[in-house]
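Student: Could you have a look at this structure, given as structure tokens, before my questions?
The values are calculated or read from the model by the stated rules, or taken from the named source; none is laboratory data. Everything numeric in this text was worked out from a predicted model, so none of it was measured. Cβ placement follows ideal geometry from the backbone for every residue including glycine, while neighbour counts extend to all protein chains displayed.
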Amino acid sequence: MTLGEEGVEGREEDRPALDIACLNPGCRRAALISTTGNHCQVWRGSCKRRFRSGGESYMEFVIKYPLDSYSDADVRILARQYEQLRDALGNIVPRAMFVISCIDGQPNMFVVARAVNVWFNIANPRNREEAIGLLRENPVARAQLAHFVNTAYKWREGPNPRVIDLYGLDNLVMDNQRRIRFVDSFYVFFFEDMLHLLGGEPDLDLEEKIAVSLRRLAYLDDILVQSEPHD
């Protein structure tokens, strides 16, 4: 595949060092917007595609550039988890595509996803009072968050229990249209049965990520209760 026919203009220093064989060079003009993820850097750009009929389409996208190497089996796991997430949450999860290509001269994977214009961090407890007010003012966002929270609890309590990744504080946000968006793509679930997989000491890093995610899920449940419309 080739992503995009024409990349956006930009300063030369905005061009990321993305040596991806299948990526149109024009799409490599982008801005680095995140280096804090455990699995990837995130670059943002846009592309315009012209059609023979004379029409054109324009899309803003993010490229999630891997920090590690991923095998075909890893990619299948990532894509399956993402599809499970999107099947359950719908448009809360931006469309994304997992692409296997030659990256820096080696077979690897990257993710390209529709960009989200992040406006507010709904999962940060420091924003509690503002979040409650925004949810009261935006019933669609409140319904989306309620669906997210209910689905997250069902995953944890159902077969093959899992905890949705809220450890990344910027994973769940409100966009500039006042809609809830979950923007993570890499390993979007934590599995508690992995804590003692090897029969030895628990994985303390995973234990912390699960505990933080559950605290933030409880926080989201609380602000939903507090934002219930007044009679």
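Student: List the number of the failed condition for K209; all other conditions in (1) among the basic types (K, R); (2) exposed (fewer than 15 other Cβ atoms within 10 Å of the Cβ); (3) in contact (Cβ under 8 Å) with a residue 12 or more places away in the chain hold.
Tutor: Going through (1) among the basic types (K, R); (2) exposed (fewer than 15 other Cβ atoms within 10 Å of the Cβ); (3) in contact (Cβ under 8 Å) with a residue 12 or more places away in the chain one by one, K209 breaks only (2).
Student: Still on this structure, please answer the following. Does the stretch 164-180 contain any residue that is among the β-branched types (V, I, T), at pLDDT 90 or above, touching a strand residue (DSSP E or B) at 6+ places or on another chain (Cβ under 7 Å) and assigned to a loop (DSSP other than H, G, I, E, B)? Give the steps one after another, and end with the answer.
Tutor: Keep residues of the stretch 164-180 that are among the β-branched types (V, I, T), which gives 164, 173, 180.
Pick out the ones that are also at pLDDT 90 or above and you get 164, 173, 180.
Then drop every residue that is not touching a strand residue (DSSP E or B) at 6+ places or on another chain (Cβ under 7 Å), which leaves 164, 173, 180.
Filter again for assigned to a loop (DSSP other than H, G, I, E, B), leaving none.
No, that holds for no residue.
Student: Then there is this: Of N91, N124, which residue is within 19 Å of D175 (Cα to Cα), modelled with pLDDT of 90 or more and not assigned by TED's automatic domain parsing to the domain that holds V173? Please lay out each step first, then the result.
Tutor: Values: N124 fails: not assigned by TED's automatic domain parsing to the domain that holds V173.
Only one candidate passes the filter, namely N91.
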